[in-house]
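Here, each number is a calculation from the coordinates, and none is a lab measurement. Every value quoted in this text rests on a predicted model; they were computed, and no experiment measured them. With ideal geometry, Cβ positions are generated from the backbone for all residues, glycine too; neighbour counts draw on all protein chains shown.
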C-alpha cells in the first residue's frame, strides 16, 4: 500500500531549492530491515540492498512489486554500475568490493590493502574512466572479526586493478560522490556530520581537502549524490540535506524515517529514490538530467535539447564532452527500455552531434541519455507521427 507524505520545507533560500513547491514524498514499499544503496536499472526498476537480510531487492515501477534480485548478497551496501553496465557492490560480510558479471555470478575485485583486510567497504562510485572510488569505515565489521587496519580510508581502484589509498584521516568515511565534471570529490565523515570536498588532480589524486558543510543536527551523515547542476543531496538527520556546490544550505526533504542513501531514477533520472528506516521512498524533482535552458561548456558534460521536437522522421542530438571518456548515448522509451544506441565508445574532448532515425518507432515520449560513469544526463523528446 502506497502512502503520501507532504514535504516539510525548512529552507532559508527557498527560491534556490530544486524541490518543487507542493512536492510529495511517496512511500513505495516497507518491511525491510536495513535498506541501503539504491541504484536504478533501466528496463527493470530500483535495486537496493537490505544489509541485515543479505539481499538485494528489485522494486518494479510497472506494478510496484518487490522481488529478490540477489541472495545472499553477503550483506551488500553501496551499489552502482560500471561503464559496461555491470553491478558494482560493496559486500560488508566479505569486507570487499565486487562486481556482478553477465551470468549473474559475483567476482571479487579487491579485499585487502597492503596484505591486510579492509575494515568494511561501505559506499562506492564509478568515475567515467572506469575507476572505482569507495569508502572503508570500521562500523559493521562482522561479529567476531577484528579490524586489521589502523585507519579508515578512501580508495581508488584503477581500471587495471591498481589500488590507491587516497585519504586515511577520517573517523568514519561514508557517502561518496563526484561533481558533474568529476573535478571535485565529496565524502562525508558520518558520525561528525561533516561533508568534505577535494580537487581531483590527474584523475587519481586528491588535493586541497576542505570542509564544505557541517550538518547542524544530532545524528550522522550517510549516502550522497549530486545532480547535473552540482547540487549535493546528503542523507542525514531528519531528512535529505540539499546544498549548493559551494556548501550553501538550500533546503531539506523532511523524512518520516531516518534516510540512509539516495539516487536518481526513472528513464529521465528526474526522480530521487531514497532508502530510509525500513522503507523506500521517491520524490519527483525538477532537476538532474534535464536542463531548462542554456548550453554550458565550462568543464561540464552537456546535452542539448534535440531538434526538431516533436520529431519525425528524425531528430538531431548534440552534446559536449569536457574530457576524453567512454560515453554511451542511448535512447529509451518511457519505462526505461533501451530503444537504440547512438554512440558507444571513447571520444575526445569536443562538441558532437548524432542523428536518430525515428521512422521505425511509434509516436510517444522517449528519453535520450548520455552516461559518463559517475554521472548521467537525460532529456525528453517526443516522436509525433
- [ ] Please work out how much length the chain gains when fully extended from residue 84 to residue 202, using 0.36 nm per residue of separation minus the C-alpha to C-alpha distance, in nm with one decimal.
- [x] 40.2 nm
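Can you tell me how region 97-168 classifies by the Cα gyration tensor, rounded, prolate or oblate, using a/c under 1.5 as the rounded cut?
oblate
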Open item on the list: Going by Cα centres, region 40-72 and region 194-235 are how many Å apart?
Closed with: 27 Å
- [ ] Place the peptides 232-244, 62-74 in order of packing, highest mean first, counting for every residue the other Cβ atoms within 10 Å and averaging per peptide.
- [x] 232-244, 62-74
Task: Cβ crowding within 10 Å averaged over residues, with 42-48, 168-174 ranked highest first - done: 42-48, 168-174
Open item on the list: Can you tell me how region 146-195 classifies by the Cα gyration tensor, rounded, prolate or oblate, using a/c under 1.5 as the rounded cut?
Closed with: oblate
Open item on the list: Between region 120-185 and region 82-112, what is the separation of their alpha carbon centroids in Å?
Closed with: 14 Å
TODO: State the extension gain, in nm to one decimal, for the chain segment bounded by residue 362 and residue 312, taking 0.36 nm per residue of separation less the distance between their alpha-carbons.
DONE: 17.0 nm
- [ ] Over the chain, calculate the relative contact order: mean separation of alpha carbon pairs under 8 Å at least 6 apart, over the residue count, as a percent.
- [x] 14 percent
Open item on the list: From Cα pairs below 8 angstrom and at least 6 apart in sequence, can you work out the relative contact order of region 302-383, rounded to a whole percent?
Closed with: 34 percent
Task: the chain - Rg and Dmax from Cα coordinates, angstrom - done: 20.0, 65
Task: Scattering profile of region 296-385 at q = 0.10, 0.13, 0.23 Å⁻¹ [log10 I(q)/I(0), Debye over alpha-carbon scatterers] - done: -0.24, -0.40, -1.15
- [ ] Using a 10 Å cut-off on Cβ atoms, rank the peptides 209-217, 132-140, 50-58 from the highest mean neighbour count down.
- [x] 132-140, 50-58, 209-217
TODO: Set the Förster radius R0 to 45 Å, insert the Cβ-Cβ distance between residue 101 and residue 254 as r into 1/(1 + (r/R0)^6), and round the FRET efficiency to 0.05.
DONE: 0.65
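Remind me, relative contact order of region 168-251 in percent, using alpha carbon pairs under 8 angstrom and six or more residues apart?
22 percent
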